[in-house]
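Q: Sharing a structure below in structure tokens format, with a few things to ask.
Just so it is clear, none of the values below were taken in a lab; they were calculated from the coordinates. Being a predicted model, the structure only gives us computed values, none of them experimental.
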Amino acid sequence: MDSDRIEGKAKEVEGQVTGDESREAEGKAQGAWGETKDKADDAWEGVKDKVGDVVDGDDDDKTSETDRP
């Protein structure tokens, strides 16, 4: 869990406890931003892994010459 999601959740709870709707909304927005960044990072890592597999010749989607009929 990254800092934006943690800080966002803290702000959201603070807003709920104090009745500050703008602070709660700020926390929700910051938490959503953190989730978006996490998903983008995961996608980037997946792309890097796939490119690395192709470059290294470890692509499982390819069939070898002996696998063809």
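Q: Taking the alpha-carbon distance from Lys48 and a cut-off under 29 Å, which lysines remain once sequence neighbours fewer than 8 residues away in the same chain are dropped?
A: Of all the lysines, those that pass the test against Lys48 - Cα under 29 Å, at least 8 places apart if same chain - are Lys37, Lys39, Lys62.
Q: Given 0.36 nm per residue, what is the gain on full extension from Glu21 to Asp42 after removing their alpha carbon distance, in nm?
A: 4.4 nm
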